[in-house]
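Colleague: Quick one: the structure is below, questions incoming.
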Ligand code: 5GP
């Protein structure tokens, strides 16, 4: 697994504004934008501001205020997108076995249709 944060990863570039994204939400702790290859009618990625590779280093090293702010932002985005009535799924791939492709922590938010059973 990655051990040092690569500041040239695509989500770091999005955070710095170097490449565009279709933004749905931003606050001091988090940025949310539509996935470029959506797997559901709503497929949004929520990322923390800060150099975190995955849940592994985030949960070990991030300040409590950022962890709280990040998860509040995920909930805020789901609410803003109208997902609370029908429900939604959150997913975060962490590391090689989980096929994490972009080495900046991101939570996928899926909704807008009835989802199937959890994928393996
Ligand atoms: P992972 O496999 O790392 O959990 O998921 C990475 C996700 O990032 C994929 O769903 C992929 O479609 C999305 N993605 C990759 N590159 C970009 C990009 O440049 N812009 C956006 N908006 N999404 C991207």
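Any read-out appearing in this document is the output of simple, stated calculations on the displayed coordinates, not a laboratory observation. As the structure is a prediction and not an experimental result, all values here were calculated from the model. FYI the Cβ positions are ideal-geometry reconstructions off the backbone, even for glycines, and counts take in every protein chain you see.
Colleague: Within the stretch 38-66, count every residue that is in contact with a strand residue (DSSP E or B) (Cβ under 8 Å, 6 or more places away or on another chain) and assigned to a loop (DSSP other than H, G, I, E, B).
Modeller: 5
Colleague: Shifting gears a bit: Of the numbered conditions (1) under 23 Å from residue 118 (Cα atoms); (2) in contact with a strand residue (DSSP E or B) (Cβ under 6 Å, 6 or more places away or on another chain), residue 23 satisfies every one except a single condition; which is it?
Modeller: (1)
Colleague: If I ask for residues that are within 15 Å of the ligand (Cβ to nearest atom) and closer than 23 Å to residue 79 by Cβ, which ones from the stretch 42-62 would you list?
Modeller: 42, 43, 44, 45, 46, 47, 48, 55, 58 - these are the residues of the stretch 42-62 that are within 15 Å of the ligand (Cβ to nearest atom) and closer than 23 Å to residue 79 by Cβ.
Colleague: Just to be sure, is residue 76 without any contact (Cβ under 8 Å) to a residue 60 or more places away in the chain, over 17 Å from residue 10 (Cα atoms) and touching a helix residue (DSSP H, G or I) at 6+ places or on another chain (Cβ under 7 Å)?
Modeller: no
Colleague: Any idea which residue in the stretch 7-37 is nearest to the chain's Cα centre (by Cα), counting only those that are assigned to a loop (DSSP other than H, G, I, E, B) and surrounded by 13 or more Cβ atoms within 10 Å (Cβ to Cβ)? Walk me through it before giving the result.
Modeller: Initial filter on the stretch 7-37 (assigned to a loop (DSSP other than H, G, I, E, B)): 7-9, 16-22, 27-29, 35-37.
Then keep just the ones that are surrounded by 13 or more Cβ atoms within 10 Å (Cβ to Cβ); that gives 9, 21, 27, 29, 35.
On the way: 9: 14, 21: 13, 27: 14, 29: 12, 35: 10 Å.
So the residue we want is 35.
Colleague: Turning to a different aspect of this structure: Suppose the filter is touching a helix residue (DSSP H, G or I) at 6+ places or on another chain (Cβ under 8 Å) and loosely packed, with under 14 Cβ neighbours inside 10 Å; does residue 97 pass it?
Modeller: Numbers: touching a helix residue (DSSP H, G or I) at 6+ places or on another chain (Cβ under 8 Å): no; loosely packed, with under 14 Cβ neighbours inside 10 Å: yes.
The answer is no for residue 97.
Colleague: For residues in the stretch 71-89 being within 27 Å of residue 6 (Cβ to Cβ) and within 16 Å of the ligand (Cβ to nearest atom), which is surrounded by the fewest Cβ atoms within 10 Å (Cβ to Cβ)?
Modeller: 74
Colleague: Next up: Take residue 106 and tell me if it is within 15 Å of residue 24 (Cβ to Cβ) and either surrounded by fewer than 17 Cβ atoms within 10 Å (Cβ to Cβ) or within 15 Å of the ligand (Cβ to nearest atom) (or both).
Modeller: Taking the combined requirement at face value, the residue satisfies it.
Colleague: A further question on this structure: Just need a number here: residues in the stretch 38-68 that are closer than 16 Å to residue 105 by Cβ and surrounded by 14 or more Cβ atoms within 10 Å (Cβ to Cβ).
Modeller: 18
Colleague: Still on this structure, please answer the following. Among the residues of the stretch 90-102, write down those that are free of Cβ contacts under 8 Å to residues at least 40 places away in the same chain, more than 8 Å from the ligand (Cβ to nearest atom) and not in a helix (DSSP H, G or I).
Modeller: 90
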